[in-house]
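Peer 1: Dropping the structure in here first, questions after.
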Amino acid sequence: MPKHSLPRGTALLLAGLLMAAGPAWGETLLRLSETATVTEHPDELDASLRVEVTATNAAEAQRRVNATMGDALAAAKSVAAVTASTGAYFVWRVAPTATDRAEHWQANQSIDLTSHDGAAMLKLVGELQQKGLAIGQLGWRLSDAATRAARAEATRKAIAALRGRAEEAAGLLALRFDSFKEVRLDSTRPPPMPRLMAMAAPMASASAPPPSAEPTDVSVSATAEADVVLLPK
């Protein structure tokens, strides 16, 4: 039976495909994964307070909310270390009941505060409580900038640990580390911090002390995974 040979160009093409389909001769692929975690102290205190009133008509309810919120914003803007913004505004009718046939209207609005100065923030929150606002939530967290910095540090540590494991594995296998391929990086955001929830707003005549909020360290993790190329020594 006659032997058939492939054209030279086809043979070279097939050889190239075979080489691309698998590792080079003598090459060993090792898949490794490393996770590193850094611990950071929260640097931003967030608070949300609300004013809520009940009146016999919608206009009066809105007027009282507007007046209280105006005072709250003025107090917040007087503290340079605090950033303030207003939240949603709601007005609704409370239907008469069997025990109370009178018509009522309720209105509320929230004010959101952020600061890196915990002492100034807590003092302000206490003052706003005296004005009749209730704390909706209060808690420390990592700011966006601090989160990015922590994530970058965790990623650097994960990659360094991955390189260390690759070198160690190469030595145990009597090979040498050559390079990384198909590196995959992943990271996790810190979980939300616990929030202090307020049940009711104090009256303006109350003399309650400012609330307390003790920060707790949070962890930020990053994972580095890669195929490691090892070659004979």
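Peer 1: Equivalent-ellipsoid semi-axes (√(5λ), Cα gyration tensor) for the range 46-141, whole Å, largest first? The partial results should precede the final answer.
Peer 2: Numbers: eigenvalues 179, 31, 20 Å².
They are 30, 12, 10 Å, listed largest first.
Peer 1: Let me ask something additional. Would you mind calculating the gained length between Ser219 and Ala169 on full extension (0.36 nm times residue separation, minus the Cα-Cα distance), in nm to one decimal? Working shown, then result.
Peer 2: On the way: separation 50, 0.36 × 50 = 18.00 nm, distance 2.87 nm.
Gain on stretching Ser219 to Ala169: 15.1 nm.
Peer 1: Subtracting the Cα-Cα distance from 0.36 nm times the residue separation, let me have the gained length for Gln137 to Glu27 in nm, one decimal.
Peer 2: Values: separation 110, 0.36 × 110 = 39.60 nm, distance 5.73 nm.
Between Gln137 and Glu27, full extension yields 33.9 nm more.
Peer 1: Another question, if that's okay. Of the peptides 83-96, 211-224, 125-138, how do they stack up when ordered by the mean number of other Cβ atoms within 10 Å, highest first? Don't skip to the end; give the middle numbers.
Peer 2: Working: 83-96: 12.6, 211-224: 16.5, 125-138: 19.9.
Highest-to-lowest ranking by the protection proxy: 125-138, 211-224, 83-96.
Peer 1: Evaluate the charge dipole of the range 46-141 about its Cα centre and quote only its size in Debye, nearest 20, assuming +1 on the Cβ of each Lys and Arg and -1 on the Cβ of each Asp and Glu. Display every interim value, and only then the final one.
Peer 2: Working: 9 positive and 9 negative charges, 12 e Å.
I would put it at about 60 debye.
Peer 1: Rounded to the nearest 0.05, what FRET efficiency do Asn66 and His104 have when you use their Cβ-Cβ distance and R0 = 22 Å? Intermediate values should be presented prior to the final figure.
Peer 2: Numbers: r = 18 Å, r/R0 = 0.82.
With R0 = 22 Å, the Cβ-Cβ based efficiency is 0.75.
Since every read-out is calculated from the coordinates, none of them should be taken as a lab result. Note that the coordinates shown come from a computational prediction; the quantities given were computed from them, not determined experimentally. Please note: Cβ atoms are built from the backbone with ideal geometry, for glycine as well, and neighbour counts cover all protein chains shown.
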